[in-house]
Structure formats: C-alpha cells, structure tokens
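Okay, structure first, notes after.
The values are calculated or read from the model by the stated rules, or taken from the named source; none is laboratory data. Please read these numbers as outputs of a predicted model, since none were measured by experiment. Note that we place each Cβ from the backbone using ideal geometry, even for glycine, and neighbour counts take in every protein chain shown. We work out accessible area using only protein heavy atoms, side chains counted, and drop any ligands, DNA or RNA first. Shrake-Rupley method; radii C 1.70, N 1.55, O 1.52, S 1.80 Å.
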Amino acid sequence: MRTVARRAVFVGVDIGGTFLKAGLVRGSRLLREVSIPTGRAATPAGTEFLVSEALGRLGVSSGGGAAAVGVGIPGLVRFPAGVVVSCVNLPGWKEVPLKKRLSRRLGLPVFVDNDVNVMTLAEWRYGAGKGAKNLVGVTLGTGVGGGLVIDGRFYRGSGGSAGEIGHLPLAAEGPACPCGGRACLEQTVGNKQILGWVKGELKKNRRSRIWTLIGDHLEALTPEVIDRACREGDPLARKAWRRSGEAIGLALSGAVNLLNPDRIVIGGGIAKAGHWLFTPIRKTVRQRAMRGLKDVPIVPARLGTQAGMIGAARLAQEELERS
Ligand SMILES: [Zn+2]
C-alpha cells in the first residue's frame, strides 16, 4: 500500500456526451477546472486527445504535479482493468483499454470507472452519503444510473455492471428498452420519456401554464420548464414529477428490500425538482418497501455538477493508495 501525501493533487475527468470536464482536485476541493465540448470527438481517439488537452490547460503536463488521474465515463467499465466494454451514448467505444492507453499517453497513473460509481464515490466520501455503510446512489438524467456501496465497499457485480437501477422492470408489460428488457424504470423517468409524456398530456390540455412558458412550441419543452411550471403551481407539471417520483419510489422499494441500505442519495438533472419529486419517492417507499427497511433516509445529492470530477479524483487517490 502506498502512502499518498495529504496535500497531493489529483486530476478528475468527467467524460460526458456533450462536455469533457477536468478538474485539479485536493480532497473535496476543486482547485481549477476546464470544460471542453466533445461533440463528435467523443470517440476513443478523440477522447484521449481531449483528456491530454485538458491536462495541458490545467497545467499538469508542464510539471503541475498531479499524482494520478481518475476518469469517469458513461459506460460499462471492467474494473480495475479500466477497459471500457461499451458506451451506449458515445460513438465507437467497444473493448477500449482506456486506462492503459491514457496512462501511456499522459505518463501518469490513470484509473477508470463508470461515471455513476464515480459520482456515488464523491457523495459517499464528501457529500450526502458521508458515513453510510450501505449506500445506494442514483442519478437521474438522459439515463437513470445507480451505484452501490455494500458493507463499506463498492459493489460492482461479476461483470462490473451492478447497480443498474434504471433497468429495474416496473411491470410485466411495457415499452421495450434498448437494454433488451421491458418496462424499465428508465422508460418512465429518463429525461426523454418524461418530456414525451408531458408533450402527450399537453396536447389534451390547452390550459397548462407550460404552453405559455414554451411559447406554444412543444420542442422548447425541457425538464427546467416543467420545473418552473411546477413551482408556479401548474397541475400538469406537478403530476409529471409525482408520476416520476412514484415510479422511482417503486423501483427503490425493490432495491431497499434487496439491499437494506442505510441511505439513498439521488442526484442528476431532475433531482433539482426538490420536494415535488422527493415527497412522492419517499411516500412510495414507505408504502411499498418492507417494514423495518422502509424508513431509509432518501436525500438529494450535494455536490451537484462537480461530483463527477471530485469523485474521479478521489478514485485516483484511493486506487493509488491501494496500488
Ligand atoms: Zn432497460
């Protein structure tokens, strides 16, 4: 086991479909960050280039002195090998030995994990999950992701893909999901699915406040608009969050019965809806999970959009100490 200096600095890289963000991190403090649009460059070769570009901008390549680099990527990752098996939303990622390729290119130790694990790690060490021994982390966005801490350790499953809360089935029948399943949670509460449901309801409801907010253009509908309409008292917007909260609560009831966690942390875009979403989630879990397990605290994530970078840096620190 290696001892890492207390004041050591790590680079945390958060790879997304739209932006690649990289930060220089000490502990839970983001000292400096850069954000580069990825666009079509999100291929493996493009990403390697952008990561080294980002490190250059952070001053790391010119002897800025980072001890190691951690990377979170939205895909299935074989850990600790750091091989990206697949990424549904990024082009060309299949069996890519990203850890090996990046460490060769950067001349630094590199560690790679799934982005939701990395965010869960950040919340577990520094945020709303601090102190938990058994933790479920959930991220709500285009997809619905999950990270699991069991008995004080990350649980990845036999192939590295444990914690796919977004693909817990909610019913026997329902819309087909790209994962191969049906009626998955994500098919109700993924961003696109929520917007699709609200658009369908809007066509039947000309009186909703949402029509004014989008200037009568359905394509202008975003989760932020629903959020605003909800705060302004629009019944349809409130129903959208209630319906989403109930679906999330149903899936989490299953997770609670299976894992008996001592806390659940929920982050990502639509978690910003706050109590409009959290109240139906908590209510459903209290109604549907087993007695003795159902009082688990369900709390919003605290680190926001920095969680990816801070968690990736923390991954680098912990794995370097372990090596
Ligand atoms: Zn699915």
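Restricting to the stretch 1-52, name every residue that is among the small types (Gly, Ala, Ser) and either on the phi > 0 side of the Ramachandran plot or open to solvent by 30 Å² or more (accessible area, probe 1.4 Å) (or both). Result: ALA5, GLY17, GLY27, SER28, SER35, GLY39, ALA41, ALA45, SER52. Examine the stretch 236-247 for a residue that is surrounded by fewer than 19 Cβ atoms within 10 Å (Cβ to Cβ), charged (D, E, K, R), touching a residue at least 40 places away in the same chain (Cβ under 8 Å) and touching a Pro at 6+ places or on another chain (Cβ under 9 Å), and state whether such a residue exists. Yes: one or more hits. What number of residues in the stretch 160-169 are free of Cβ contacts under 8 Å to residues at least 60 places away in the same chain and assigned to a loop (DSSP other than H, G, I, E, B)? So the count comes out to 3. Report whether or not LEU55 is outside the structural domain of GLY160 (by TED's automatic domain parsing), touching a Ser or Thr at 6+ places or on another chain (Cβ under 6 Å) and part of a helix (DSSP H, G or I). Judged against the criteria, LEU55 is a match. Checked against (1) open to solvent by less than 30 Å² (accessible area, probe 1.4 Å); (2) more than 16 Å from the ligand (Cβ to nearest atom); (3) in a helix (DSSP H, G or I), VAL116 passes all but condition (2). Do we have PRO261 as in contact with a strand residue (DSSP E or B) (Cβ under 7 Å, 6 or more places away or on another chain), touching a residue at least 24 places away in the same chain (Cβ under 8 Å) and loosely packed, with under 15 Cβ neighbours inside 10 Å here? No. Confirm whether ALA229 is in a helix (DSSP H, G or I), farther than 27 Å from LEU315 by Cβ and either open to solvent by 60 Å² or more (accessible area, probe 1.4 Å) or free of Cβ contacts under 8 Å to residues at least 24 places away in the same chain (or both). Yes; evaluated as a whole, the condition is true for this residue. Screening the stretch 272-306 for residues that are open to solvent by 20 Å² or more (accessible area, probe 1.4 Å) and of a type in the set (Ser, Thr, Tyr) and picking the one that is farthest from LYS130 (Cα to Cα) gives THR279.
Residues that are outside any helix (DSSP H, G or I) and open to solvent by less than 30 Å² (accessible area, probe 1.4 Å) within the stretch 177-222 comprise CYS177, GLY181, ALA183, CYS184, LEU185, GLY190, SER208, ILE214, LEU221, listed in sequence order. The condition of being closer than 21 Å to GLN317 by Cβ and open to solvent by 50 Å² or more (accessible area, probe 1.4 Å) does not hold for ARG57. So in the stretch 125-171, with the set limited to residues that are open to solvent by 10 Å² or more (accessible area, probe 1.4 Å), within 19 Å of MET309 (Cα to Cα) and away from the ligand (no atom under 16 Å from the Cβ), which one is modelled with the lowest pLDDT? Ranking the candidates gives PHE154 first.
Note on the stretch 153-194: among residues that are under 19 Å from the mean Cα position of the chain (by Cα) and hydroxyl-bearing (Ser, Thr, Tyr), the one that is nearest to ALA251 (Cα to Cα) is THR188.
Look at the stretch 49-65: where a residue is charged (D, E, K, R) and a partner is modelled with pLDDT of 95 or more, sitting 6+ places away or on another chain with Cβ atoms under 6 Å, you get ARG57/VAL34. Tallying residues that are within 16 Å of GLN193 (Cα to Cα) and of a type in the set (D, E, K, R) within the stretch 239-269 yields 4.
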